[in-house]
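Take this structure, written in structure tokens, and hold onto it; I'll ask about it next.
Just so it is clear, none of the values below were taken in a lab; they were calculated from the coordinates. What you are looking at is a predicted structure, and each value in this text was computed from that prediction instead of being measured. Cβ: placed from backbone, ideal geometry, glycine included. Neighbour counts: every protein chain shown.
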Amino acid sequence: MKKKIILAVLAVVVVLAGAAYLKVYRPYVRIRAKGVALMAAVQEFKTVLKKNNIDLVNRQVDVIGQRYGDFQKEAQSVYWLSFIPYVNDFKNGVIAGDYLVKAVKESVVAITPYADLIGFKKGEVSFVDKSAEDRLQTAILTLDKVLQKIDVISADIKAAEDRINAIDVNRYPEKIGNVAVRSRLENMKEQFVGMATLFVDAKPLLKKLPEIFGKNKEKTYLVLFQNDKEERATGGFLTAYALFRIKDGKMRVERSKDIYSLDDSIASHPVAPQEILTYHKGVSRFYIRDSNLSPDFVQSVKLFNSLYDKSSVKEDYDGIIALDTKVLVDMLKIFGDTEVRGVRFSADIDKRCNCPQVIYTLLDEIDRPVGYIKEDRKGILGDLMYSLFYKAIGFSPSKYWGALVQTMFQNLEEKHILLYFVDSQIQQSIEKLNYAGRIRPYTGGDYLHINNVNFAGAKSNLFVSQAIESNAKTVGNAIEKEVTIEFRNPYPASDCNLERGGLCLNAPLRNWIRFYVPQGSQLIDFKGSEMKVATYNELGKTVFSGFLMVYPQGTAKVVVRYRLPASIDAQHYRILIQKQPGTDADKLKVKFNDKTMYDGVLDKDKEIK
């Protein structure tokens, strides 16, 4: 009897093992093989994209579609096990991937007829034969055709997002052996949802692009040039401006002047705000050139408008584009040396300042004292940007436009370009994409934004580096923070004697500094300020404000200690650190309870967990 039971059990085990082999293991092996082939095709797609050839892109998308079909077909062989949560998660992931492949296919189909307009090579190119202005006009007038597929693509991405959101990462173990499992899945899910949300946020802007570029109705834009070598709250000193109009892709520049001419068009300037009276040197009236006082670009635009409305040359505008010197340098790197007003500009390093030649040459043209009147001395900036713009649309798109678009997106992310639109729908989309230079709300986590303003310290930010360390610790039931920022200027002082005609670039930096932290934070100590420290609430944050000097061949340090509000979750500590516009790769270290969470550069806003 025992023998029969044992044989029966063995028979069941053999049957189950055979079934598991046939229905689980063999499908797993086939699924894995198809997955490896699929990933190879995806990696090849990344390589193909860099070649900017639309025909190669189309072929590789077809390969991905075919291999994904093979992968999905094999994956369906285990869907009968979907009553098991892990298998159901796998199924949701596979279906989400199918929607993504459809979205990619639709995108490529949409751009293929106009590939040469956006920098892709294709078999028959007619776009490069057009004049520079006609190229831009053709690009703008066909944008709406390219964007016709956007609703279909958006629906596919939304469907994929719904499937990904259905996956519960909390059911997975923290680790299997030494391999992190849950955190990896969380990161993958978060990145995908972030990408999908980004597309949803960008959709209104994308649909409005033809309108932004003047399709059917003329648009007027102000360009503000911010000299980040004289750091101000939104990126740099407002040194020049330009006004241009665009209609159906045809652009004309109405005016390109230095900012002083705009200030001169105001009959009577009001008394300067208290911040200027307190920290600026010898300034008692409020000028447009000093109007970007708020670290929130929209708030600074309101201050700008309060003065601009008084100008005799005021023109209504549809938007403002603020640019700093990095945009100039990047464009020169792409398009090569450019001559304006008989002066050559390049991105090569100039030994006189250890900076790009265009920076030194502009400062030399604009700031060096001479024995005669230089008319519209800062307007040369606008002329240079205008010349570079026409180079951009004059070159072959397949050779330069891809690099230009990538560079401009990077500059938007790093806040070297800030955008403001009068149209509330466009503005809302710009803000969601974080291209509007706003101080962002952030609930449940820690927050930090350090804002520096150079008030009459020459162009010393060209020579001063900044290193930031954020160190949070739990003390009982509270979290205490210590934030340190160290300034270094290793270069000798410039000859600032106006009678000798010296070019005064490196002088003592007069720095108004503000720390924006979670509202309700309590200041414990503020070391390094040479003036009385102020504490107040602004832009939904608590602000600690002070002032210091940084001398040539010297250093300075500010250390701020404060207690975070009880609403900050210490168990799952996270922090959003917002970069100041115009700054370039400040060093940043973030620690929590003496554990380093991040050690690198602050090149864009960073959420650190």
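Distance in nm between label sites at Asp348 and Arg184, each 7 Å beyond Cα in the beta-carbon direction?
That separation, rounded to one decimal, is 5.0 nm.
Calculate for the chain the 222 nm mean residue ellipticity that helices alone would give, adding -39,500 (n - 2.57) per DSSP H run of length 4 or more and normalising by residue count, nearest 500 deg cm²/dmol.
After summing the helix terms and dividing by the residues of the chain, the value is -13000 deg cm²/dmol.
On to the next question. How would Trp401, Trp80 line up from fewest to most surrounding beta-carbon atoms within 10 angstrom?
Trp80, Trp401
Ranked by Cβ crowding within 10 angstrom, fewest neighbours first, how are His572, His416, His269 ordered?
Exposure proxy ranking, most exposed first: His572, His269, His416.
Would you kindly state how much longer the chain becomes between Gln519 and Asp594 on full extension, computed as 0.36 nm times their sequence separation minus their alpha carbon distance, in nm to one decimal?
24.6 nm
Tilt of helix 132-146 relative to the longest C-alpha principal axis of the chain, in degrees (0 to 90, nearest 10)?
In the chain, helix 132-146 runs at an angle near 40 degrees to the longest axis.
Give the residue from Trp512, Asn461, Phe592 lying farthest towards the positive end of the charge dipole for the range 460-609; charges sit on Cβ (+1 for Lys and Arg, -1 for Asp and Glu) and the dipole is referred to the Cα centre.
Phe592
Something else about it: With everything on Cα atoms, drop me the angle between helix 380-394 and the longest principal axis of the chain, reported from 0 to 90° to the nearest 10.
So the helix axis and the longest Cα principal axis differ by about 40 degrees.
What number, in percent, do you get for the relative contact order of the chain if the mean sequence gap of Cα pairs under 8 Å and at least 6 apart is divided by its residue count?
Computed over the chain, the figure is 11 percent.
Note the angle between two axes, namely the Cα long axis of helix 325-335 and the longest principal axis of the Cα atoms of the chain, as a number of degrees from 0 to 90, rounded to the nearest 10.
70 degrees
Say each of Cys496 and Glu413 gets a label point 7 Å from the Cα, pointing the same way as Cα to Cβ; how far apart are those two points in nm?
With each label point 7 Å from Cα toward Cβ, the separation is 3.8 nm.
Per residue of the range 339-350, what does 6.51 cos²θ - 1.76 cosθ + 1.60 with θ = phi - 60° give for ³J(HN,Hα)? Whole Hz please, x for Gly and Pro, Karplus curve as stated.
Calculated HN-Hα couplings, in order: 10, 9, 6, x, 10, 8, 10, 8, 9, 5, 6, 9 Hz.
Here's another thing I want to ask about it. Can you pull out the trypsin sites (Lys or Arg not before Pro) in the range 469-520 whose DSSP state is coil and whose Cβ has at most 11 other Cβ atoms within 10 Å?
Within the range 469-520, the qualifying trypsin sites (Lys or Arg not before Pro) (loop, at most 11 other Cβ atoms within 10 Å) are Arg500.
Shifting gears a bit: If the chain between Phe45 and Arg26 were fully stretched, how many nm would it gain, using 0.36 nm times the residue separation less the Cα-Cα distance?
3.9 nm is the gain from fully extending Phe45 to Arg26.
Between Arg488 and Leu539, what FRET efficiency comes out of the Förster formula 1/(1 + (r/R0)^6) with R0 = 25 Å and r the beta carbon distance, rounded to 0.05?
Calculated transfer efficiency: 0.30.
For the range 446-608, calculate the relative contact order in percent as a whole number, restricting contacts to Cα pairs under 8 Å that are 6 or more residues apart.
The value is 30 percent.
Quick check on the exposure proxy: order Glu315, Glu414, Glu486, Glu231 from fewest to most C-beta atoms within 10 angstrom.
Placing the least packed residue first, the sequence is Glu315, Glu486, Glu414, Glu231.
Could you size up the charge dipole of the range 150-261 around its Cα centre, putting +1 on the beta carbon of Lys and Arg and -1 on that of Asp and Glu, and report it in debye to the nearest 20?
Computed about the Cα centre, the dipole is about 420 debye.
Under unit Cβ charges (Lys, Arg +1; Asp, Glu -1), what dipole magnitude, rounded to 20 debye, does the chain have relative to its Cα centre?
Approximately 2280 debye in magnitude.
Right, here's the next one. Using +1 at the C-beta of Lys and Arg and -1 at the C-beta of Asp and Glu, which of Ser470, Ala322, Val543 has the Cα lying farthest in the positive direction of the dipole of the chain?
Positive-most Cα among the choices belongs to Ser470.
Still on this structure, please answer the following. May I ask which residue of Ile568, Ser284, Pro173 lies farthest towards the positive end of the charge dipole of the chain, with charges of +1 (Lys, Arg) and -1 (Asp, Glu) on Cβ and the Cα centre as origin?
Final value for the positive-end residue is Pro173.
Here are several values of Cα extents along the principal axes in Å: (i) 114, 70, 43; (ii) 95, 52, 40; (iii) 80, 62, 44. Which one was derived from the coordinates shown?
(i)
Another question, then. Run the simple label-point estimate for Asp264 and Ala478 please: 7 Å along Cα→C-beta, distance reported in nm.
5.6 nm
Okay, next question. Non-local amide H neighbours of His416 (under 5 Å, H modeled in plane, Pro and chain starts lacking H): which ones?
Gly582
Another question about this same structure. State the extension gain, in nm to one decimal, for the chain segment bounded by Asp248 and Val422, taking 0.36 nm per residue of separation less the distance between their alpha-carbons.
60.7 nm
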